[in-house]
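FYI, it's all coordinate maths here, none of it is from the lab. Keep in mind the model is a prediction, meaning the values are calculated, not measured. Glycine also receives a Cβ, built like all others from the backbone with ideal geometry; neighbour counts cover every protein chain displayed.
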Amino acid sequence: MKHAFILIFLVIIFFSCEKGKANFVLKGTISDVTFSKKLDGATISLYQIIVGTSEEIFVASQTIGSDGNYSFTFPRDNMEKYILRITKENYFPLDQTIYFSSLSLNADNIRDYSTTAKAWVKLNFINDPNFGGNQLEYTIQQGKENVDGSCQHGTYTINTSTSYYCINDGNQLYSYLYFAFGPNDTGVKSVITTPFDTTELTLTY
């Protein structure tokens, strides 16, 4: 009887250890929205964060091929969450949080994501006294915001010649509504921003 009890105990320990050593499979596809294709050549890295901490611990990294696919197999350790980080030059980086509780051992964990190419717009405002205006109010209507290098949406007033650089998604519209005091001239200026390049948008007031 004693030996049977010991045997059962060892079996329980064995299967508990096996469960702890089980692996998660995280895989998916990364798409390039700008050119409507798969994002190849990007680096995708996986980090884990232990429960109760904020430290990112590197797990693995790989380069995405022409099919845009990635796949990570990693131990089922007691983590709070994982960070999937995708980077490629001249593309907006992605940081995706995947919580431990959302992962399954019984099937592949599919996570598909997408990003866009960077583009820039140079907003040129030329104050020309001969043109009749001495003050301009403009309101950004459409364009990238809440990322590094973006111009926050809102209404701005200027009275001198100046230029601003703003970042935008490639092949996307950038526009603002303007009102020039003096001649009381109003309208909309817009442009489609070229991927990986700077497109100029000039207004004389």
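Observations on the model:
- Charging the Cβ of each Asp and Glu at -1 and of each Lys and Arg at +1, and nothing else, the dipole of the chain about its Cα centre rounds to 800 debye.
- The chain: mean projected area of Cα convex hull, nm²: 15.7 nm²
- Those aspartates and glutamates that a straight Cα-Cα span of less than 13 Å connects to K189, excepting residues fewer than 8 apart in one chain: E137, E200
- Residues V33, V147, sorted so that the one with the fewest Cβ neighbours within 10 Å comes first: V147, V33
- A cut-off of 5 Å between modelled amide H atoms, ignoring neighbours fewer than 5 places along the same chain, links D77 with no other residue.
- Per-q log10 I(q)/I(0), the stretch 23-115, q = 0.14, 0.22 Å⁻¹ (Debye; single scatterer per alpha-carbon; no solvent): -0.49, -1.10
- For the chain, calculated [θ]222 nm from helices alone, where every DSSP H run of n ≥ 4 adds -39500 (n - 2.57): -3000 deg cm²/dmol
- Here r is the Cβ-Cβ distance between Y164 and F74 and R0 is 45 Å; the resulting FRET efficiency, rounded to 0.05, is 0.55.
- For the pair S175 and N23 in one chain, pulling the backbone fully straight at 0.36 nm per residue adds 49.9 nm over the alpha carbon distance.
- Least to most buried among T116, T139 (fewest other Cβ within 10 Å first): T139, T116
- Whole-percent P(r), the stretch 123-205, all Cα pairs, 5 Å bins from 0: 3, 15, 27, 25, 15, 10, 4, 1.
- Interchain or long-range residues, amide H under 5 Å from D197's placed H: W120
- Relative contact order for the chain: 19 percent, from Cα pairs under 8 Å spaced at least 6 residues apart, divided by residue count.
- Violating pairs (Cα-Cα greater than 28 angstrom) within the set K38/K144; K27/K122; K27/K88: K27/K122
- Karplus 3J(HN,Hα) series, Hz, for the stretch 160-177 with 6.51 cos²θ - 1.76 cosθ + 1.60 (x for Gly, Pro): 9, 6, 7, 9, 9, 9, 10, 8, 8, 6, x, 6, 10, 6, 10, 8, 8, 9
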